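Here, each number is a calculation from the coordinates, and none is a lab measurement. Quantities reported herein were computed from a predicted structural model and do not represent experimental measurements. Cβ atoms come from the backbone with ideal geometry, glycine included; neighbour counts cover every protein chain shown.
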Amino acid sequence: MIYKKNRVFNILLAAFVLCMQACSISAPLITDVKSVDFKNTETGKKGMEVAFKIKNPNAFALKVKRFDFELSINNKPIGKAYSVRKIKIARHAEAYYPILLETDIDQAKTLLTGLGSLFQGKTELAMTGSVKVGAGFLSKKFKAEVKAKINLKDFF
């Protein structure tokens, strides 16, 4: 009798492990940035609304739970940005999603005031960090790196 209970448990455990392997999450791809607009967030902080083009290579929908980025302009770090607003990406979909990133742009302004030569055109904004996604009860964090051309006049 004990042998039969162990056998059933082992079969159920093996089925669960196989199911978990089949449900692994592939990293969503951030392939482009359509726009970067500087604005205030709902909490009153300064922020950026970035329209990311995100591709979901999975056969199931994903919820993006959090973005965490280190910001740099022309390889000079200017601070951190994050978003906790969740978005849902359909399976095998690729579309632009506007994400409001909260950051301390006022602190970044003080770092950039001495860089007058940068105001003559567009410059490169780099965002490196992580994206946390989930599907059902599974969650996973992936590294992300995005670059965009911005006009620094929009900062001020």
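Below are the figures for this structure:
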read-out	value
Inter-probe distance in nm under a simple model that places probes 7 Å from Cα toward Cβ, at Glu94 and Thr43	3.4
Pairs from Lys65/Lys140; Lys53/Lys140; Lys55/Lys140 whose Cα-Cα separation, in the structure shown, is over 18 Å	Lys53/Lys140
